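Below is one structure, written out as structure tokens; the observations come after it.
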There are 2 protein chains.
Amino acid sequence: MRAIRIGLLGCGVVGQGILRLLREHAGSLERRLGAPIEVRRVVAKTEGKARSYVAPELLSYDPETVLGDPEIDVVVEVIGGLDPAGRYVRTALERGKSVVTANKFLLAEEGHALFELAEERGADLYFEAAVCGGIPVIRVLREALVADSVVAVRGIVNGTSNYILSRMQSEQIDYGVALAAAQEAGYAEADPTLDVNGGDATHKLTILATLAFGAKLLPSHVTTEGIEHITAIDMKMAERFGYVIKLLATARSLPVGMLDLRVHPALVPKTSVLASIHGALNAVYLEGAMLGPSLLSGYGAGAMPTAMSVVSDLVDVGRNILRDSRGRVPQRTVPSGMLLRREVQPAGMHVSPYYLRFAVMDRPNVIAKIASVLGAFDIAIHQMIQEARASGPKAPVHVVVLTHPTRDDALRSALREIQMLSGIVEPPRAIRIETAA
Amino acid sequence: MRAIRIGLLGCGVVGQGILRLLREHAGSLERRLGAPIEVRRVVAKTEGKARSYVAPELLSYDPETVLGDPEIDVVVEVIGGLDPAGRYVRTALERGKSVVTANKFLLAEEGHALFELAEERGADLYFEAAVCGGIPVIRVLREALVADSVVAVRGIVNGTSNYILSRMQSEQIDYGVALAAAQEAGYAEADPTLDVNGGDATHKLTILATLAFGAKLLPSHVTTEGIEHITAIDMKMAERFGYVIKLLATARSLPVGMLDLRVHPALVPKTSVLASIHGALNAVYLEGAMLGPSLLSGYGAGAMPTAMSVVSDLVDVGRNILRDSRGRVPQRTVPSGMLLRREVQPAGMHVSPYYLRFAVMDRPNVIAKIASVLGAFDIAIHQMIQEARASGPKAPVHVVVLTHPTRDDALRSALREIQMLSGIVEPPRAIRIETAA
């Protein structure tokens with residue numbers, strides 16, 4: 001039987017992980033696929049770097065050696081980012097090559113056009129590795145949940161921010177210290193922006209929600225907040241009320257038919273399963289109308305989990321090539337013409353209980369004034385704690401309020417008024433409480 | 001495009017659940033599959049019963065109306081048990097029809113011959129619903145983990161026994177009371193034997209291990225113990241040491257190359273994720289050499305989760321029919337000729353720490369004698385508690401010992417000797433402690 005011939009674009013840690021798996025598991029992969037997988041070309045960016053698992057004669061620095069090779073069946077893209085990776089993927093699909101990619105940024109921002117191009121050219125575009133590395137959540141959404149309607153996807157999908165929050169929690173350190181520790185341990189990149197500001201999680205949630213709801217969704221539809229403003233005090237106060245703080249990604253189909261799409265830090269009960277997802281682990285709840293909640297958890301990033309998902313996609317795409325059944329599974333769960341139109345709920349309409357923290361100078365009446373502003377906006381107080389002053393009389397004290405469920409827009413308005421009160425010395429902090437986690 | 005025509009054998013709650021899904025999700029299933037699924041015939045056992053979702057003109061009581069209909073592409077078997085279900089499945093495959101089944105008993109005991117028959121006739125035999133109802137563990141093992149080697153599968157795979165143990169734990173009731181409660185709540189059948197004696201979990205583990213290791217395994221290879229002897233006292237004592245008791249199914253590839261296959265109650269740490277799997281939930285850890293541990297959890301039984309998995313298989317099998325790509329994925333992860341031979345470790349060689357409970361009459365020296373027998377077999381004591389007597393002086397007291405890791409055969413020999421000591425009034429209880437859970 002003929003080999004499945006691939007070209008690899010990108011030869012960083014994930015690319016080398018893929019080459020390692022293809023070499024070390026060659027026999028078992030051939031038994032399971034029914035044909036060998038042959039690496040025809042590996043395209044790297046920088047000349048002269050030391051790389052493992054790459055046969056020198058296969059190495060190239062020109063993507064056209066892959067894109068222009070008519071013998072290559074499948075292009076594997078592990079460069080990342082929008083450009084030039086997007087151009088390469090587009091060219092490959094235009095030329096009828098199937099593509100396996102780990103590029104969540106590209107798929108979240110430009111995926112819809114790429115999926116349509118793939119359909120048009122009868123090519124496959126597979127992307128398990130783009131969301132939660134080694135967790136087969138794409139496969140489960142595309143294939144296993146085919147007979148149920150998904151009502152919610154909810155989880156921890158960014159390992160870097162979860163690592164930072166886990167360290168803040170276990171060591172009672174502040175955000176900056178934990179970020180530095182994450183960078184030192186290799187869990188955060190030199191530029192961690194997209195990981196800590198929620199952008200990466202938003203990309204992943206966009207892809208998951210697109211599949212879950214068979215709808216044309218974009219990152220701009222997602223309400224996004226990062227973890228940069230979480231402090232050691234918030235961690236400690238959350239714990240005192242029985243919660244931990246996690247960066248949650250949530251996509252829900254609301255009873256009214258709209259979608260609720262959010263990425264933000266949230267207080268989740270200490271006893272919940274999501275609270276027990278520590279460090280670089282990821283976890284995703286899929287909730288089906290019939291099935292109820294089910295959970296997938298495991299390592300969401302790292303070279304080998306990501307490489308593993310790429311290779312499992314390669315086997316799938318290879319099976320489609322050998323059986324001449326490309327396009328066997330609709331890329332977005334339904335074919336392009338049949339995507340549903342789903343309205344997205346504006347952020348201000350979201351209702352949830354809130355954790356609020358105010359740094360106040362210890363003046364008479366400040367607390368009464370806070371309570372009165374909250375009351376004026378119909379925000380009911382569920383619990384309240386005023387910390388004893390830790391330092392001298394010039395230091396602010398922290399007042400923490402847990403609210404009953406409140407609309408976002410009302411809460412934001414109230415916080416703006418409270419911020420202008422005399423005695424409030426920092427912008428108030430507001431973190432949603434997610435009891436359904 | 002042509003319809004996928006199915007015949008349904010079995011019209012109990014799962015069968016009716018399948019018909020319900022096929023009716024309620026007809027539009028979305030057709031969009032995703034690319035063809036409608038048409039139910040041609042439903043075969044029930046008992047005439048005159050009330051059934052939902054069955055069009056009366058489709059109902060039959062003769063399996064030959066399905067097996068003998070050349071128009072039917074796929075036979076769905078949800079009768080259960082070895083006979084006659086096994087005969088029907090065999091006949092369907094012999095006639096080149098693909099089969100979707102939820103029958104773990106049949107697959108565990110006679111699966112290998114059926115898989116080989118399916119391969120020979122170019123038919124598909126799909127069985128997601130046979131293991132852990134709504135959890136897509138078969139799909140993940142067959143397809144997602146294709147690029148890794150599985151080193152362990154471990155989990156809670158029987159919802160009935162987990163429900164019973166959960167109630168024993170939360171309400172401090174004895175096994176018999178919890179079993180009756182489970183039956184009343186519909187979580188245990190009138191004859192719960194296979195659920196509580198570990199047989200059902202052993203069937204599931206056999207199927208999982210067959211896929212995980214690409215080996216020809218049978219239920220008789222699995223060391224099996226049930227939960228019938230667990231008492232409220234064991235639950236309470238386990239908790240005192242920081243554990244809960246769960247029925248665990250474990251399949252491990254040992255460093256020496258042998259497989260370790262076991263189903264038995266075990267003490268797992270209260271803080272572990274498996275300890276948080278309550279009631280009818282199931283959870284399976286899959287541990288890959290490259291991927292590390294990943295967890296799948298959700299409802300493992302019940303009409304709708306099981307029906308959902310059957311229908312997702314139907315869509316897969318339907319895609320294979322439409323694309324003429326039957327046999328696309330090897331049923332046991334590798335084709336028949338390439339199954340590995342794996343030796344199974346004899347039960348006596350297994351090493352683990354143990355929880356031991358002895359009911360002793362409060363005579364001088366009994367405890368010293370127990371300790372001395374354990375010592376004679378090189379069984380080291382890690383912790384020991386003697387309960388204060390609860391009732392009158394004629395009642396036995398419970399002595400609980402946690403051992404260091406011990407070989408099973410040495411432990412069994414020691415227990416036989418201890419049982420013969422005067423003052424030991426009940427057979428000693430021994431439960432493994434699983435710290436890796």
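The values are calculated or read from the model by the stated rules, or taken from the named source; none is laboratory data. These numbers were taken from a predicted model, which means no experiment stands behind them. Cβ placement follows ideal geometry from the backbone for every residue including glycine, while neighbour counts extend to all protein chains displayed.
Among the residues of the range B:293-305, are any farther than 30 Å from B:S28 by Cβ, touching a Leu at 6+ places or on another chain (Cβ under 6 Å) and surrounded by fewer than 24 Cβ atoms within 10 Å (Cβ to Cβ)? Scanning the range B:293-305 turns up no residue that is farther than 30 Å from B:S28 by Cβ, touching a Leu at 6+ places or on another chain (Cβ under 6 Å) and surrounded by fewer than 24 Cβ atoms within 10 Å (Cβ to Cβ). Scanning the range B:206-215 finds one or more residues that are closer than 30 Å to B:R142 by Cα, surrounded by 23 or more Cβ atoms within 10 Å (Cβ to Cβ) and among the aromatic types (F, W, Y). I need the full set of residues from the range B:19-63 which are of a type in the set (D, E, K, R), within 14 Å of chain A (Cβ to nearest Cβ), crowded, with 16+ Cβ neighbours inside 10 Å and out of contact with any Phe, Trp or Tyr (no Cβ under 6 Å at 6 or more places or on another chain), in order please. Passing the criteria: B:E30, B:R31, B:R32.
When each of A:L261, A:L217 is tested for being over 27 Å from A:A359 (Cα atoms), touching a residue at least 40 places away in the same chain (Cβ under 8 Å) and either in contact with a Cys (Cβ under 7 Å, 6 or more places away or on another chain) or outside any strand (DSSP E or B) (or both), the lone residue that passes is A:L217.
Of the helices (runs of 4 or more DSSP H) lying entirely inside the range B:1-100, those containing at least 2 residues that are among the β-branched types (V, I, T) span B:13-24, B:64-67, B:85-94. Does B:V344 count as closer than 30 Å to B:L411 by Cβ, in contact with a strand residue (DSSP E or B) (Cβ under 6 Å, 6 or more places away or on another chain) and not acidic (D, E)? Judged against the criteria, B:V344 is a match.
Hey, does the range A:319-328 have a residue that's at the interface with another protein chain (Cβ under 7 Å from one of its Cβ atoms), closer than 21 Å to A:G122 by Cα, in contact with a helix residue (DSSP H, G or I) (Cβ under 8 Å, 6 or more places away or on another chain) and in a helix (DSSP H, G or I)? The answer is yes, given that some residue of the range A:319-328 is at the interface with another protein chain (Cβ under 7 Å from one of its Cβ atoms), closer than 21 Å to A:G122 by Cα, in contact with a helix residue (DSSP H, G or I) (Cβ under 8 Å, 6 or more places away or on another chain) and in a helix (DSSP H, G or I). Applying the condition of being assigned to a loop (DSSP other than H, G, I, E, B) and under 23 Å from the mean Cα position of the chain (by Cα) to the range B:342-371 and asking which residue is nearest to the other protein chains (Cβ to nearest Cβ) yields B:R342.
Residues that are at pLDDT 95 or above, within 17 Å of B:A266 (Cβ to Cβ) and touching a Lys or Arg at 6+ places or on another chain (Cβ under 8 Å) are absent from the range B:375-389 altogether.
When the range A:298-315 is limited to residues that are farther than 30 Å from A:A238 by Cα and facing chain B (nearest Cβ under 7 Å), the one that is nearest to the chain's Cα centre (by Cα) turns out to be A:P305.
Looking across the range A:98-117, the residues that are free of Cβ contacts under 8 Å to residues at least 40 places away in the same chain and either buried (at least 24 other Cβ atoms within 10 Å of the Cβ) or of a type in the set (A, V, I, L, M) (or both) come down to A:V99, A:T101, A:N103, A:L106, A:A113, A:L114, A:L117. Taking the range A:122-164 as the range and being within 12 Å of chain B (Cβ to nearest Cβ) and assigned to a strand (DSSP E or B) as the test, the residues that pass are A:Y126, A:V150. Taken together, the criteria place A:L291 among residues that are of a type in the set (A, V, I, L, M, F, W, C), more than 25 Å from A:A430 (Cβ to Cβ) and in contact (Cβ under 8 Å) with a residue 24 or more places away in the chain.
Looking at B:S161, B:S170, just one residue is polar (S, T, N, Q) and either under 30 Å from A:E24 (Cβ atoms) or within 15 Å of the chain's Cα centre (by Cα) (or both), and that residue is B:S161. Within the range A:264-277, restricting attention to residues that are part of a loop (DSSP other than H, G, I, E, B) and of a type in the set (S, T, N, Q), the residue that is modelled with the lowest pLDDT is A:T271. Of all the residues in the range A:176-194, those that are surrounded by 12 or more Cβ atoms within 10 Å (Cβ to Cβ), of a type outside the set (S, T, N, Q) and under 24 Å from A:G133 (Cβ atoms) number 11.
Conditions tested, residue by residue: (1) outside the structural domain of B:L274 (by TED's automatic domain parsing); (2) modelled with pLDDT under 95; (3) of a type in the set (S, T, N, Q); (4) in a strand (DSSP E or B).
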| position | (1), (2), (3), (4) |
| --- | --- |
| B:V401 | yes, no, no, yes |
| B:L415 | yes, no, no, no |
| B:I418 | yes, no, no, no |
| B:L421 | yes, yes, no, no |
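B:S272 passes all but one of (1) in contact with a strand residue (DSSP E or B) (Cβ under 6 Å, 6 or more places away or on another chain); (2) surrounded by fewer than 23 Cβ atoms within 10 Å (Cβ to Cβ); which number fails? Just one mismatch for B:S272, condition (1).
Exactly one residue among A:V222, A:V150 is surrounded by fewer than 24 Cβ atoms within 10 Å (Cβ to Cβ) and modelled with pLDDT of 95 or more, and that residue is A:V150. Scanning the range A:378-399 for residues that are closer than 11 Å to A:Y354 by Cβ, hydrophobic (A, V, I, L, M, F, W, C) and outside any loop (DSSP other than H, G, I, E, B) returns a single hit, A:I381. Scanning the range A:329-340 for residues that are outside any helix (DSSP H, G or I) and at the interface with another protein chain (Cβ under 8 Å from one of its Cβ atoms) yields A:V329, A:P330, A:T333, A:V334, A:P335. Only residues that are in contact with a helix residue (DSSP H, G or I) (Cβ under 9 Å, 6 or more places away or on another chain) and exposed (fewer than 14 other Cβ atoms within 10 Å of the Cβ): list them for the range A:341-350, please. If the condition is that a residue be in contact with a helix residue (DSSP H, G or I) (Cβ under 9 Å, 6 or more places away or on another chain) and exposed (fewer than 14 other Cβ atoms within 10 Å of the Cβ), then A:P346, A:G348, A:M349 are the ones that fit. Summed over the range B:276-289, the residues that are of a type outside the set (S, T, N, Q), within 10 Å of another protein chain (Cβ to nearest Cβ) and surrounded by fewer than 20 Cβ atoms within 10 Å (Cβ to Cβ) give a count of 1. Answer yes if at least one residue in the range A:121-131 is assigned by TED's automatic domain parsing to the domain that holds A:G15 and surrounded by fewer than 19 Cβ atoms within 10 Å (Cβ to Cβ), and no otherwise. Yes - at least one qualifying residue is present in the range A:121-131.
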